[in-house]
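Heads up: the structure comes next, in structure tokens.
Nothing in this text is a laboratory measurement; each read-out follows from the coordinates by a stated rule. Keep in mind that this is a model prediction, so the values were computed, not measured. For neighbour counting, all protein chains shown are included, and Cβ atoms are generated from backbone atoms with ideal geometry for every residue, glycine included.
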Amino acid sequence: MSRYADFEELLAILHLDRLDDDTFVGAHPSKNPVRTFGGQMMAQAFVAAGRSLAHPVPPSAMSTHFIAGGDPELDLEFRVVRLRDERRFANRRVDVMQKGQLLTTAMVSYLAGGRGLEHSVQHPPLDDPLALPPIDDLLRGYEDVVPHFANALHPIEWRYTNDPAWIMRDKGERLAHNRVWMKTKGAMPDDPVLHAAALVYASDTTVLDSIITTHGLSWGYDRIFAVTTNHSVWFHRPFRFDDWVLYSTSSPVAAESRGLGTGHFFDGSGRPLATVVQEGIVKYFPGRPTASG
């Protein structure tokens, strides 16, 4: 099998079939979790919104609320509602449906803002991603501990700057942040919608990890139930997602069985490309038999 097979599947699921001006259908890849991967639904909804624009306007924000889980055996329908269309502004709502049930609602905003004031959060150390081990090396020997990760679709190349949760847990360590270099495993078409959609897809990975690594826990070793309730992305400047970007995440708060993960994507020079905030229901059952997260 080609090393690009998973990447080609990502491009395939981001190619939506258009039923009419505002209705699209998206497929699932060959490898799926029990429920539709949230990053997939968000990325496909983002593409649907972008394909409905009257003229190109860069995205400024996307906010998604997850209502019900999707069945990976069935296609998804994306219904776009055009809320605003102007020369420099646009807004879309995308409802993700399956068999008449609403699974997810996404709001996407577009703004051509032009030049203005600039400042940014301090970037973390910028390691050379090629000097770091690929994710396959970090999963070797842990395939039975985190099978959902080991057997998942891997269209994005990951290079952790720190140990991932399962290795940290194995060493008895804890860490309040997680940092991963990412890029697609192949060259992307020159379509900014697809580059932003790939970032949206990848933004749903690792962002909740700091909730559990703060407590020295890991998927697989500890009995943890986690499900995303909402996820927002703010886009700061154009980028290519087939170039290395650093996804630096942490968790500012966890309470009442909910945890918040926040993150920034940085390019190789340390400029922030996007900011992510995700809330999830995260329940930990101490003393129970170990199981995959």
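Placing +1 on the Cβ of every Lys and Arg and -1 on the Cβ of every Asp and Glu, with nothing else charged, gives the range 151-221 a dipole about its Cα centre of roughly 220 debye.
Kirkwood hydrodynamic radius computed over the range 82-124 comes to 13.5 Å, based on all pairs of distinct alpha carbons. Separation of the range 47-71 from the range 233-290 is 19 Å, based on Cα centroids. Considering all C-alpha pairs of the chain, those separated by over 26 Å amount to 43%. Here the spin labels are modelled as points 7 Å beyond Cα on the Cα-Cβ line, and at Asp144 and Val253 they lie 4.2 nm apart. Per the Debye calculation on the range 39-192 with a single equal scatterer at every Cα and no solvent contribution, log₁₀ I(q)/I(0) for q = 0.10, 0.18, 0.20 Å⁻¹ amounts to -0.56, -1.19, -1.22. Of the residues Leu138, Leu246, the one with the fewest other Cβ atoms within 10 Å heads the list, and the complete ranking is Leu138, Leu246.
The loop-placed GluC sites (Glu not before Pro) in the range 61-135, going by DSSP, that have at most 13 neighbouring Cβ atoms within 10 Å of their Cβ come out as Glu73, Glu86, Glu118. Straight-line cross-link partners of Lys185 among the aspartates and glutamates, defined as a Cα under 14 Å from its Cα and at least 8 positions apart when in the same chain: Asp6, Glu8, Glu9, Asp136, Glu157, Asp242, Asp243. Taking the alpha-carbon centroid of each part, what is the distance from the range 77-142 to the range 193-216 in angstrom? Rounded to whole Å, the Cα centres lie 10 Å apart.
Straight-line reach from Lys99: taking Cα to Cα under 13 Å and skipping same-chain neighbours fewer than 8 places apart, the aspartates and glutamates in range are Asp71, Glu73, Asp75, Glu77. Residue order for Arg87, Arg79, fewest other beta carbons within 10 angstrom first, comes to Arg87, Arg79. Using the Cα coordinates of the range 1-82, the gyration tensor eigenvalues translate into equivalent-ellipsoid semi-axes of 22, 16, 13 Å, sorted from longest to shortest.
Taking other Cβ atoms within 10 Å as a rough exposure proxy, Met188, Met97 sort from fewest to most as Met97, Met188. Here the spin labels are modelled as points 7 Å beyond Cα on the Cα-Cβ line, and at His65 and Arg84 they lie 1.9 nm apart. Available extension along the chain between Arg115 and Asp128 is 1.6 nm, counting 0.36 nm per residue and deducting the alpha carbon span.
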